[in-house]
Amino acid sequence: MSDAYPRCFEPLDLGFRSLANRLIMGSMHTGLEEIEDGYRKLAVFYAARAAGGAGLIVTGGLSPNRDGMLGLGPMEHSFPDCYHEHRQITQAVHAAGGVIALQLLHAGRYARHDHPVAPSAIQSPINRHAPRSMTKDEIAGTIEDFAASAVLAREVGYDGVEIMGSEGYLVSQFLCERTNQRDDEYGGSWEHRKRLAVDIVQAVRKAVGSDWIIMFRLSVIDLIEGGMTAQQTMDLARSVEAAGANLLDSGIGWHESRVPTIMGGVPHGAFAHYTRRVKQAVSIPVAACNRINRPDIAESLLVNGDADLISMARPWLADADFGSKAEAGRADEINTCIACNQACLDFIFSGRAASCLVNPLAARETEIPLSTTASPQRIAVVGAGPGGLACAVTLAERGHEVELFETAERIGGQFNLARVIPGKSDYAETIRYFERRLLSFDNVTIHCGTQVGATELIDEGFDSVVIATGVRPRQPSIEGIDHPMVIGYQQLLEGASAGARVAIIGAGGIGFDVAEYLTHPSGDNVVQEYEQVWGIDPSPNNAGGLVDNSNVYVTSARSVYLCQRKPGRFGATLGKSTGWALREGLRKKGVEMIAAVDYRLIDDRGLHIEVDGTPRLLEVDTIVVCAGQDSLDDLYAPLLDAGIQTRLIGGARKASELDARQAIDEAVRLAARL
Ligand code: NAP
Ligand code: SF4
């Protein structure tokens, strides 16, 4: 970040009000509203972000009527059904000095209930519920519902609304030929297809008056066939500005798009140049979004003129104080979102309220209160991987005296391996964050390069010991496993070289990571490479911004085989929101995935396997073992026997659940109790 006052903290003047700074907390469905006491929890959640420096908060999307409800949860309701509950949210945010807008989202054919409506009766590939075509009366009623909901939002204290016009929801469905085959004044020509968006903005502006925020979330690139062209996108931007919008937010891709847009493999700020195109078409402020997770990235996009505002959603889960830390020049203290999706989107997709892998307190503010301890203890934490680090920091924050032991010369554990995987460089930020936090306490002593034994821990007389020693890689019993061509994933990721032909034993998360590591293109222009792999073609007249590249392979210097013993689908244990893209990315790089493998022998010729009873030789020069792990819990029994309060967390407790999310969550919850 520049030494001068950061541009992201220049207030933005909207004419009738000022936004404290240019960092928006973008809309994200948390699922809190669907659980008991959810609105109070949401109020605490948003108020923490307002206090932490969010210039403007946009809530998760709520429908202006029942047809448009997303229908994800049993208690889901439309905004008019629950608007009175929202007063506690707006009051809490205002008390914390924040500004908050309600997102109005009509799901259209994405609604997961039995009565979805859409411009035309065309079913979405990602929804088993087929929609029916809306009548003209229903369209008129929906426009009125948007306006009426905005009036209610103003009544309960919101500072504005964001109209969801992207990501493939109802407004997008009207805009694009793919989903709109009507032949009335809301379909057919471009002028007709954009009418719903314009009519909604006009109706809302008329209903709420001029001194209120109307933000329109506009798809700067649809990433689907039959989507908008760039010309249409810019025309839409001008039209919604003329209709009364005073802010534009960027949306990237439809939910049914087969292009990953937010996972770690997407380069930082990859879509800002599409936002820039829109910004040049209008005179109102425009926000950029997606894969902007550090203040320096936000700053450079603003300075570069790509956008007037930066909208981030997940980074505010990872750190409620993102804004105030950045503003105070303490960016190195920010807990950075690593784009893993494991506790935010993957939780939502499995029916749980969102949280965050690197910050389990996110959206659990009322559930895991962290108070200063009344009886400080001397606690040893053994292992400085993500779990041990989170435990040590939380214990220290609560006032305990902590000694942290780590065998390796540096902290970070498995994150030191993850950080070298293409798309996972942000994992290094987590280590930086914990290091910075640890150094800020005077009640923490760190012993790196120290293999502490049970006797020393007993002799030291600690009140409690937390064992976060993690795992040791599993060595499968295959004849020839000691052959020199066999290496472990740890050796590989720590720098051991691999040949031109590689077989990977085990296709869990680490097997996938290793395959990516071995085949990733090594060019300098990461945005161009990403666009080439996923077939993104931003030329102005290309509908949806895509070209068909289903058969385009990205040249990899290596041939790689990824093997698993179980039959069927690869990557079943990967995250719901990322597994498909990791699989597709490896396919595009020519990785051969072989299931139902029986490992027979390793010799100078390579890896001998049988697949469905048929022998096959994989002629490789390197074999990388990624066959899971076993717990490293040797300290546990002797400490317990000595009568010391001892707790196991993370992989040391259960190797099959070696997973940073689980480890950090267990660590913070334990440290909150001790
Ligand atoms: P894992 O997910 O348990 O996968 C280990 C793989 O090795 C399995 O696919 C298993 O498949 C195979 N295997 C197990 N025992 C074997 C044996 N004796 N011989 C040969 N193959 C054997 O473990 P991991 O890949 O090490 O990942 C560890 C954890 O890290 C996971 O819990 C995951 O959550 C996390 N992680 C996730 C990601 C991600 O989501 N992108 C990335 C990295 C790590 P078969 O038995 O079918 O062969
Ligand atoms: Fe970011 Fe992962 Fe946290 Fe989601 S769970 S907010 S992607 S760090």
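The values are calculated or read from the model by the stated rules, or taken from the named source; none is laboratory data. Because the structure is predicted, anything quoted here is derived from the model rather than measured. Counting neighbours? That spans all protein chains shown, and the Cβs are built from the backbone with ideal geometry, glycine included. Accessible surface areas use protein heavy atoms only, side chains included; no ligands, DNA or RNA. Shrake-Rupley method; radii C 1.70, N 1.55, O 1.52, S 1.80 Å.
Quick notes on this structure:
- Hz values of 3J(HN,Hα) by residue in the range 425-441 - Karplus curve (6.51, -1.76, 1.60), Gly and Pro given as x: 4, 5, 4, 5, 5, 5, 5, 4, 4, 5, 4, 4, 5, 4, 5, 7, 9
- The Cβ shell under 12 Å around S166 holds other residues with a net charge of -3, Lys and Arg each +1, Asp and Glu each -1.
- Axis of helix 386-397 versus longest Cα principal axis of the chain: the two differ by about 80°, to the nearest ten degrees.
- Accessible carbon and sulfur surface of the range 18-349 relative to its total accessible area, %, 1.4 Å: 48 percent
- Cα-based helix-to-principal-axis angle, 230-243 vs the chain, degrees rounded to 10: 60 degrees
- Cβ-Cβ distance of R501 and T455, R₀ of 56 Å, FRET efficiency by 1/(1 + (r/R0)^6): the value works out to about 0.75.
- Per-pair calculated FRET efficiency, R0 = 41 Å: E529 and R605 via Cβ, rounded to 0.05: 0.75
- Each Cα pair under 8 Å and six or more residues apart adds its sequence gap; the mean of these over the residue count of the chain is a relative contact order of 12 percent.
- With both residues required to sit in the range 503-652, DSSP beta bridges show an antiparallel share near 55%.
- Scattering profile of the range 18-349 at q = 0.09, 0.13, 0.15 Å⁻¹ [log10 I(q)/I(0), Debye over alpha-carbon scatterers]: -0.42, -0.93, -1.29
- Ligands, DNA and RNA left out, the accessible area of the range 470-553 computed with a 1.4 Å probe is 49% carbon and sulfur.
- Model label sites at Q475 and E191, defined 7 Å from Cα along the beta-carbon direction, differ in position by 7.6 nm.
- A cut-off of 5 Å between modelled amide H atoms, ignoring neighbours fewer than 5 places along the same chain, links V381 with E403, L404, F405, V466.
- Spin-label proximity, Q231 to the range 155-197 - amide N less than 13 Å from point 7 Å beyond Cα toward beta carbon: 190-191
- Available extension along the chain between H84 and R238 is 52.0 nm, counting 0.36 nm per residue and deducting the alpha carbon span.
- Burial order of peptide ranges 283-289, 139-145, 477-483 (average beta-carbon count within 10 Å, highest first): 283-289, 139-145, 477-483
- Available extension along the chain between R569 and R132 is 153.9 nm, counting 0.36 nm per residue and deducting the alpha carbon span.
- A quarter of the convex hull surface defined by the alpha-carbon atoms of the chain gives 30.4 nm² as the mean projection.
- Entries in K279/K325; K279/K424; K566/K589; K41/K279; K424/K588; K136/K576 that, when Cα-Cα distance is taken, lie over 26 Å: K279/K325; K279/K424; K41/K279; K136/K576
- The C-alpha atoms of the chain define a longest principal axis, and helix 136-155 lies at about 70 degrees to it.
- Probe 1.4 Å, protein heavy atoms only - accessible area per residue of the chain in square angstrom: 38 Å²
- Residues of the range 505-522 falling in the label zone of K576, defined by backbone nitrogen less than 20 Å from a point 7 Å along Cα to beta-carbon, are 509.
- Largest first, the extents of the alpha carbon coordinates of the range 200-258 on the three principal axes equal 40, 21, 15 Å.
- Each DSSP beta bridge with both residues in the chain is either parallel or antiparallel, and the antiparallel ones are about 20%.
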